[in-house]
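Novice: Quick one: the structure is below, questions incoming.
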Amino acid sequence: MCSLMRAAIYSQHGPSSVMTVLEVTTPGPGPGEVRVRLETAGVNPTDFKVRSAGPSIPFDFQVPCHDGAGVVEAVGPGVDPSRIGERVWVYLAAHQRQWGTAAQYTVVPARQAVPLPEGISNEQAAGLGVPYLTAHACLFDGGKIDGATVLVAGGAGAVGHAAIELAVRAGAHVIATVSSAAKAAIAKAAGAHVVVNYTDADAAAQIRAAARAGVDRIIEVALGANLSLDLDVIAPHGTIVTYASEATDPVLPTRALMNLNVTVRYVILYGFTPAMLAAGVADITEALTGGALSALPLHRFTLEQAAAAFDAVEANTVGKVILDIE
């Protein structure tokens, strides 16, 4: 007899109202896969964007959310049975797959269920996948950043917070921009050496003073809105790495960028190579083990409140939105 689980699902794109929570058949792990009994799930902006207007749904329904944490309950052929009972964090669970983490169980390739170091809570683990893997690629796609000056735009956001922590750990001088005192406190707690309110009239001057010889790398959340500021502070031969899209594609000032020999790089997690993902997972695990990473302020919802959790992320709630899976 097939067992059942509770899951948030949708079968068409649209607002959060297209989602419902009901019982569906619990998936079993195939070759090279593990089934994880989830304790928590992380909700990210990409989750509501895909639900709103993502690619066509190739299944009868989609369980959303990529990130989560829990315990390996079953393994498929080719996976070491000793993994059963292992605490793990999960990434990219819903990418081109049906079984995301907004459910009691998910099934993922074994490499996408990463062993959790001792002492790391399920709440923190649910916030690792999308933000930290994205931040890692933004920081290290060009090599080491030890001694570089890194500007993190939106330092209180999930990716910004992750970028600050990973950059500080790697030996960079980190400047973060925010828009309020509350967000500044989050960026400072993450380890930013200097925090600047980008709404200040002299924001560029503050950044230049903190950067000394200019900013070597900018981790950008809003390229169009911030490009003028970025050009004011970036060093010659610097790099702007942007990981988020805006409603309107920005117009790039080619001559200004060319004069500075600036590189503009675009990053999206769904296109990362296996090597990029593996490097990110290894560094994140090492940082967790060393106690270098921390959780954002939490906003907790139950699985039954999945639609409200998605709405909170879409409303740019400051902090990390998670689902507690019962």
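The values are calculated or read from the model by the stated rules, or taken from the named source; none is laboratory data. Everything numeric here is computed off the predicted structure, so don't read it as measured data. Cβ coordinates were reconstructed from backbone atoms using ideal geometry, including for glycine residues, and neighbour counts include every protein chain displayed.
Novice: Can you report the number of residues in segment 73-106 which are crowded, with 23+ Cβ neighbours inside 10 Å and assigned to a strand (DSSP E or B)?
Specialist: Here the count works out to 6.
Novice: Could you check how many residues of segment 253-288 are outside any loop (DSSP other than H, G, I, E, B) and farther than 25 Å from LEU92 by Cβ?
Specialist: Qualifying residue count, segment 253-288: 8.
Novice: Which of the numbered conditions does HIS237 fail, given that it passes all the others? Conditions: (1) loosely packed, with under 14 Cβ neighbours inside 10 Å; (2) part of a helix (DSSP H, G or I).
Specialist: Of everything listed in (1) loosely packed, with under 14 Cβ neighbours inside 10 Å; (2) part of a helix (DSSP H, G or I), HIS237 misses just condition (2).
Novice: Of all residues in segment 41-62, count the ones that are small (Gly, Ala, Ser) and over 18 Å from ASP324 (Cα atoms).
Specialist: 4
Novice: For segment 2-36, which positions are without any contact (Cβ under 8 Å) to a residue 40 or more places away in the chain, among the polar types (S, T, N, Q) and in a loop (DSSP other than H, G, I, E, B)?
Specialist: Within segment 2-36, SER3 is the sole residue that qualifies.
Novice: Looking for something among the aliphatic types (A, V, I, L, M), in the same structural domain as VAL24 (by TED's automatic domain parsing) and within 23 Å of VAL267 (Cα to Cα) - is there at least one such residue anywhere in segment 47-67?
Specialist: Yes: segment 47-67 contains one or more residues that are among the aliphatic types (A, V, I, L, M), in the same structural domain as VAL24 (by TED's automatic domain parsing) and within 23 Å of VAL267 (Cα to Cα).
Novice: Checking GLU39 against (1) of a type outside the set (A, V, I, L, M); (2) under 24 Å from GLY78 (Cβ atoms); (3) part of a strand (DSSP E or B): exactly one of these is not met. Which one?
Specialist: Result: GLU39 fails condition (2) only.
Novice: Report, by residue number, each residue of segment 189-199 that is surrounded by 13 or more Cβ atoms within 10 Å (Cβ to Cβ) and either of a type in the set (A, V, I, L, M, F, W, C) or within 14 Å of SER179 (Cα to Cα) (or both).
Specialist: ALA189, ALA190, ALA192, VAL194, VAL195, VAL196, ASN197, TYR198 - these are the residues of segment 189-199 that are surrounded by 13 or more Cβ atoms within 10 Å (Cβ to Cβ) and either of a type in the set (A, V, I, L, M, F, W, C) or within 14 Å of SER179 (Cα to Cα) (or both).
Novice: While we're on this one: Working carefully through the options GLY147, GLY155, GLY171, GLY143, find the one that is within 16 Å of GLU286 (Cα to Cα) and outside any helix (DSSP H, G or I).
Specialist: On inspection, the qualifying residue turns out to be GLY171.
Novice: In this structure, does THR20 turn out to be crowded, with 16+ Cβ neighbours inside 10 Å and either touching a helix residue (DSSP H, G or I) at 6+ places or on another chain (Cβ under 8 Å) or among the hydroxyl-bearing types (Ser, Thr, Tyr) (or both)?
Specialist: no
Novice: Continuing with this model, one more query. Return only the number of the condition from (1) touching a strand residue (DSSP E or B) at 6+ places or on another chain (Cβ under 9 Å); (2) in contact (Cβ under 8 Å) with a residue 24 or more places away in the chain that GLN206 does not satisfy.
Specialist: (2)
Novice: Between a first residue in segment 236-260 that is touching a residue at least 12 places away in the same chain (Cβ under 8 Å) and a second residue that is assigned to a loop (DSSP other than H, G, I, E, B) and of a type outside the set (Gly, Ala, Ser), which pairs have beta carbons less than 6 Å apart while being 6 or more apart in sequence or on different chains?
Specialist: Listed pairs, sorted by first residue: PRO236/LEU260; PRO236/ASN261; HIS237/ASN261; GLY238/VAL262; VAL241/VAL267; TYR243/VAL267; ALA244/VAL221.
Novice: What number of residues within segment 42-67 satisfy the criterion of being assigned to a strand (DSSP E or B) and either out of contact with any Phe, Trp or Tyr (no Cβ under 7 Å at 6 or more places or on another chain) or among the basic types (Lys, Arg) (or both)?
Specialist: Residues in segment 42-67 being assigned to a strand (DSSP E or B) and either out of contact with any Phe, Trp or Tyr (no Cβ under 7 Å at 6 or more places or on another chain) or among the basic types (Lys, Arg) (or both): 1 in total.
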